[in-house]
Amino acid sequence: MKNHDLYIVFSLLILVVFTLTNISLGSVYIPVKEVFKILFQQSENETWQYIILDYRLPKAITSIFVGSGLALSGLLMQNLFRNPLAGPYILGISSGASLGVALVILGSSFLGSFLLGNTSIVIASSLGSCLVLLAVLGVASKIKDTMAILIIGLMFASFTSAMVSVLSFFSSAESLQKYIFWSFGNLGNISWQEVQVFFICWFIGLLLTLFCIKNLNSLLLGEAYAKSLGVNLKQNKFLVIVATGILAGSTTAFVGPIAFVGLAVPHLTRLVIKSSNHYILIPFNLIFGALIMLVCDSISQLPGSVYTLPINAVTSAFGAPIVIWLLLRKKKLMF
Amino acid sequence: METKKHILTTKNLSIGYEKKQLAQDVCLQLETGKLIAVIGKNGEGKSTFLKTIMREISALSGKIYLESKNLDDYDVKDLATQMAIVLTKTSFSKNLSVFEFIAFARQPYTNWIGKLTPTDQQKIEEAISLLEIEDIVQKHLFELSDGQLQKTQLARAVAQDTPIILLDEPTSHLDIYHKAFVFKLLKKLTSKFNKTIVFATHEIELALQICDQILLVDHQKIEAFSPENLIASHQLETLFPKNFVVFDPVEKRFKIQPE
């Protein structure tokens with residue numbers, strides 16, 4: 001345990017370094033010295049100050065919440081489905097959120113524009129992901145075969161994307177563009193006020209997870225053992241679903257769908273710390289998720305250029321090979 | 001003379017599944033501190049009986065009493081301090097250290113975050129030394145042999161510190177030394193620590209040598225015998241098809257019938 005404490009402090013330090021690096025990089029060159037000045041003292045250059053404090057800093061903080069939140073929801077889902085390949089994106093949870101958001105953005109022409117607030121996007125996205133999660137879970141309770149569950153998750157995803165296609169066919173170019181940009185994923189388009197709301201969602205998800213932490217560990221032994229250790233299976237399942245829905249749903253709502261972070265980070269964490277014990281796994285998972293998201297964001301900024309890549313493309317380009325590599329390794333994936 | 005105390009009682013219990021009833025009108029009284037084997041052919045309902053007692057599946061009809069209180073009335077948390085289980089299927093995550101795995105047994109007693117108190121630590125260490133697995137506590141489960149894994153599972157059940165332990169075929173996949181080790185340990189747990197142990201097994205010969213009581217699951221019935229009475233009842237001789245295997249009541253063992 002002592003060793004792990006040391007590692008946590010160490011990786012937190014790395015996280016701070018990465019955050020500062022992330023803030024220092026961007027399309028506008030700002031010397032590192034100035035960045036520190038702006039962050040910790042006062043700076044004369046108001047433009048730079050604005051870029052750092054109102055654009056890059058909230059973006060970095062959002063990246064941390066997105067990465068850690070998705071990693072945590074992936075971990076929860078792998079535990080819930082007892083399946084190492086579960087993750088918010090793979091099981092169609094993100095598509096559920098997409099459908100919710102599509103209904104709000106694209107459907108606003110039918111439903112009236114009063115729905116078009118950020119709050120309603122967050123609510124719709126969370127509801128959408130919770131609903132798909134429940135549906136997948138309902139099917140999963142009938143079918144024990146893990147491969148079948150994953151395929152069903154994919155089917156749910158294509159079903160929801162079909163709905164989205166229908167909606168986009170009937171919607172205006174303006175709202176369609178808004179939706180498409182949302183689906184690219186964007187970490188930078190978030191105000192301080194939204195960061196606060198996002199933080200609250202993230203915190204609730206984390207709190208619910210901490211409340212389940214003992215149960216999550218018992219469930220590593222399987223449902224029968226967990227029950228024999230006093231776990232209320234139904235209640236735990238409910239809490240985990242709500243936590244996953246809030247984490248994955250709010251993330252997707254604020255920054256759009258982000259692929260593979262939820263699936264890959266828990267496995268990378270297990271690879272590094274060599275344990276499935278959630279007391280250790282959860283803090284490392286949060287930190288690693290945040291780190292990877294910061295790196296992906298830095299890459300998507302294409303340092304030195306004015307272009308920004310869609311963040312979803314960056315995480316996919318990195319995540320997919322990682323997952324393939326994990327599967328090709330001789331050792332079986334363990335949850 | 002000491003008074004006999006019944007820890008587990010069944011009244012007109014029927015077990016099985018919706019489509020297939022496996023045993024009916026089971027009336028048993030299991031004494032505290034005894035080693036009790038459940039024997040029978042494959043598919044006759046040994047595991048189902050255990051699963052019913054551990055509330056994994058519900059009884060078709062009838063009642064089970066644990067310490068004179070209806071088993072169904074136990075809260076899942078209270079039951080966790082009464083009964084520990086060891087299952088055959090090892091579908092648990094192997095990415096845990098032996099210590100972590102055993103420590104999870106203390107969850108019914110720990111606080112909401114699962115912090116181990118000195119008492120918990122002591123119980124875990126007692127279980128580890130009882131099973132003689134001090135040398136592997138830091139290893140991961142996926143590194144263990146079948147014998148070590150079974151010892152670890154037993155240590156977990158012991159660490160849960162419950163008056164009853166239920167085991168489903170605790171000696172399958174084990175060599176004869178480990179089988180004897182497990183049987184002797186179970187015996188020790190009953191005689192020295194006054195635990196009641198009920199386990200399903202195919203090792204009828206070993207069970208006859210060491211158990212206090214044997215539950216025979218056969219022909220939709222579950223009946224309790226002492227080992228001597230079971231042999232005297234001649235029921236073992238008709239348990240399996242006679243042209244394949246016969247029971248020798250004198251030598252107390254099964255023999256393959258030559259062609």
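Is segment A:3-330 rounded, prolate or oblate when judged by the Cα gyration tensor, a ≥ b ≥ c being the square roots of its eigenvalues, rounded requiring a/c under 1.5 and prolate requiring a/b larger than b/c? Verdict is oblate for segment A:3-330.
Name the shape class, rounded, prolate or oblate, that the alpha-carbon gyration tensor gives for the protein assembly as shown, where a ≥ b ≥ c are the square roots of its eigenvalues, rounded holds for a/c under 1.5, and otherwise prolate holds if a/b is larger than b/c and oblate otherwise. Verdict is prolate for the protein assembly as shown.
Whole-Hz Karplus values for segment A:292-302 come out as 5, 5, 4, 4, 4, 5, 4, 5, 5, 6, 6 Hz, taken residue by residue from phi with 6.51 cos²θ - 1.76 cosθ + 1.60 and θ = phi - 60°; glycine and proline positions read x. Couplings 3J(HN,Hα) of segment B:55-68, computed from phi: 6, 5, 10, 8, 5, 5, 7, x, 10, 10, 10, 10, 6, 6 Hz, in residue order, whole Hz [Karplus 6.51 cos²θ - 1.76 cosθ + 1.60, θ = phi - 60°; x for Gly and Pro].
From the alpha carbon centroid of segment B:228-250 to that of segment B:148-183 is 27 Å.
Between B:Ser68, B:Ser191, B:Ser226, the residue with the greatest mean-square fluctuation in the GNM of chain B (Cα pairs under 10 Å linked by springs) is B:Ser68. Among the GluC sites (Glu not before Pro) in segment B:10-51, those located in a DSSP loop and surrounded by at most 13 other Cβ atoms within 10 Å of their own Cβ are B:Glu18. Here's how it looks for B:Phe254: its modeled amide H is under 5 Å from those of B:Asp248, which are all 5 or more places away or on a different chain. Annotation: amide H of B:Ala84 within the under-5 Å range of B:Ile164, B:Ile165, B:Leu166, sequence separation 5 or more or interchain, hydrogens built in the peptide plane. The relative contact order of segment A:3-330 comes to 31 percent, based on Cα pairs under 8 Å that sit 6 or more residues apart. Of all beta bridges that DSSP places with both ends in chain B, some 60 percent have antiparallel geometry. Placing unit charges on the Cβ atoms only, positive for Lys and Arg and negative for Asp and Glu, gives segment A:3-330 a dipole magnitude near 1080 debye about its Cα centre. Residue separation of B:Asn42 and B:Ser172 scaled by 0.36 nm, minus their Cα-Cα distance, works out to 45.5 nm of gained length. For segment A:314-325, backbone phi angles converted through the Karplus equation (6.51, -1.76, 1.60; θ = phi - 60°) give residue-by-residue couplings of 5, 5, 5, 4, 8, x, 4, x, 4, 5, 4, 4 Hz, Gly and Pro being listed as x. Structure remark: mean-square fluctuation, Gaussian network model of chain A, C-alpha springs under 10 Å; the largest value among A:Ser168, A:Ser141, A:Ser24 belongs to A:Ser141.
Separation of segment A:23-48 and segment B:64-120, taken as the distance between their Cα centroids, equals 55 angstrom. Between the amide H of B:Gly16 and those of B:Leu22, B:Leu60, distances stay under 5 Å, these residues lying 5 or more places away or on another chain, with hydrogens modeled in the peptide plane. Heavy-atom accessible area with a 1.4 Å probe sorts B:Asp78, B:Asp73, largest first, into B:Asp73, B:Asp78.
The values are calculated or read from the model by the stated rules, or taken from the named source; none is laboratory data. Worth saying up front: this structure is predicted, and the values here are computed from it rather than measured. Glycine gets a Cβ as well: all are built from the backbone with ideal geometry, and neighbour counts include every protein chain shown. These area figures cover heavy atoms from the full protein model, side chains too; ligands, DNA and RNA do not enter into them. Shrake-Rupley method; radii C 1.70, N 1.55, O 1.52, S 1.80 Å.
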